[in-house]
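Okay, structure first, notes after.
The values are calculated or read from the model by the stated rules, or taken from the named source; none is laboratory data. Everything quoted here is computed from the prediction, not taken from an experiment. A quick note on method: Cβ atoms are made from the backbone with ideal geometry, for glycine too, and the neighbour counts reach across all protein chains shown. Only protein heavy atoms, including side chains, enter the accessible area calculation; ligands, DNA and RNA are left aside. Shrake-Rupley method; radii C 1.70, N 1.55, O 1.52, S 1.80 Å.
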Amino acid sequence: NAGVMQNPRHLVRRRGQEARLRCSPMKGHSHVYWYRQLPEEGLKFMVYLQKENIIDESGMPKERFSAEFPKEGPSILRIQQVVRGDSAAYFCASSPNGDRSYEQYFGPGTRLTVT
Amino acid sequence: GDSVTQMEGPVTLSEEAFLTINCTYTATGYPSLFWYVQYPGEGLQLLLKATKADDKGSNKGFEATYRKETTSFHLEKGSVQVSDSAVYFCALINQAGTALIFGKGTTLSVSS
């Protein structure tokens, strides 16, 4: 059973460009979460999505960041007009449902570098 | 709000030494608690979990007990190996069930 897949694994963007990060959840999982790991910091929650719905986006920066999880295809985290401070590792996780006792399964991450 | 505090690292041990990484939490109610491990350049892997008070999670020789009296979930292993070198994160699920709240992570380095 394939795990959570993320691509690309490494992404380099110049300031002002757009970054698109993709996440395919584990088979049978319909809940997706995005986290960001900044250098020297722990992981911070960004957004929680179900198919075609954003359930909790309390951790998303108010500007330039957006996320979607369409009916078909992977979840996308989109960062417009990237700045150096966006350089980080972005992790996607999935779970079979929203039960609080269920663990979240993490992907390998996308490491974004903004030059 | 909900938060997790874990001991600062790095923790440096010799092979076969005893390991304890302290973790305490602040939360509304009794959230499920987790330990995740991150090896260099990789994502997080679930190490163990506990869903209610007095539960003991265990895996690969690691153990942690959910203590509601002390709001703690300390990670222990009786005899560490070089292959255990990694960053360990303590986490809880928020009350809404929408997000994991992580501690800052503790780096463990084991030498032979």
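Does B:Thr71 satisfy being at positive phi and either polar (S, T, N, Q) or modelled with pLDDT under 95 (or both)? Here the answer is yes, as B:Thr71 does meet what is asked. Would segment A:42-51 turn up any residue that is assigned to a loop (DSSP other than H, G, I, E, B), surrounded by 22 or more Cβ atoms within 10 Å (Cβ to Cβ) and either touching a strand residue (DSSP E or B) at 6+ places or on another chain (Cβ under 7 Å) or of a type in the set (Ser, Thr, Tyr) (or both)? Looking through segment A:42-51, none of the residues is assigned to a loop (DSSP other than H, G, I, E, B), surrounded by 22 or more Cβ atoms within 10 Å (Cβ to Cβ) and either touching a strand residue (DSSP E or B) at 6+ places or on another chain (Cβ under 7 Å) or of a type in the set (Ser, Thr, Tyr) (or both). On the stretch given as segment B:37-95, residues that are open to solvent by 60 Å² or more (accessible area, probe 1.4 Å), within 14 Å of chain A (Cβ to nearest Cβ) and touching a residue at least 12 places away in the same chain (Cβ under 8 Å) total 4. Residues in segment B:26-36 that are among the aromatic types (Phe, Trp, Tyr) and buried (at least 20 other Cβ atoms within 10 Å of the Cβ): B:Phe34, B:Trp35, B:Tyr36. Can you tell me which residue is most open to solvent (accessible area, probe 1.4 Å) among those in segment A:1-21 that are free of Cβ contacts under 8 Å to residues at least 60 places away in the same chain and assigned to a loop (DSSP other than H, G, I, E, B)? Ranking the qualifying residues of segment A:1-21, first place goes to A:Asn1.
Scanning segment A:85-110 for residues that are open to solvent by less than 50 Å² (accessible area, probe 1.4 Å) and among the hydroxyl-bearing types (Ser, Thr, Tyr), we see that the one that is farthest from the chain's Cα centre (by Cα) is A:Ser101. For the residues A:Ala19, A:Ala88, the requirement of being more than 12 Å from every other protein chain (Cβ to nearest Cβ), closer than 19 Å to B:Ala91 by Cβ and hydrophobic (A, V, I, L, M, F, W, C) singles out A:Ala88. In segment A:22-47, of all residues being in contact (Cβ under 8 Å) with a residue 24 or more places away in the chain and among the aromatic types (Phe, Trp, Tyr), the one that is farthest from the other protein chains (Cβ to nearest Cβ) corresponds to A:Trp34. For A:Val82, the requirement of being of a type in the set (A, V, I, L, M, F, W, C), buried (at least 21 other Cβ atoms within 10 Å of the Cβ) and in a loop (DSSP other than H, G, I, E, B) is met. Can we say B:Leu13 is within 12 Å of chain A (Cβ to nearest Cβ) and either assigned to a strand (DSSP E or B) or crowded, with 16+ Cβ neighbours inside 10 Å (or both)? It is false that B:Leu13 is within 12 Å of chain A (Cβ to nearest Cβ) and either assigned to a strand (DSSP E or B) or crowded, with 16+ Cβ neighbours inside 10 Å (or both). Residue check: B:Leu100 meets all listed conditions (1) open to solvent by 10 Å² or more (accessible area, probe 1.4 Å); (2) facing chain A (nearest Cβ under 10 Å); (3) of a type in the set (A, V, I, L, M) but one, namely (1).
Of all the numbered requirements in (1) aliphatic (A, V, I, L, M); (2) modelled with pLDDT under 95; (3) farther than 16 Å from B:Leu46 by Cα, A:Met26 misses one, and that requirement is (3). Suppose the filter is over 17 Å from B:Leu108 (Cβ atoms) and not basic (Lys, Arg); does B:Ser14 pass it? In short, no. Screening A:Leu38 with (1) among the aliphatic types (A, V, I, L, M); (2) under 22 Å from B:Cys90 (Cβ atoms); (3) crowded, with 20+ Cβ neighbours inside 10 Å gives one miss only, at (3).
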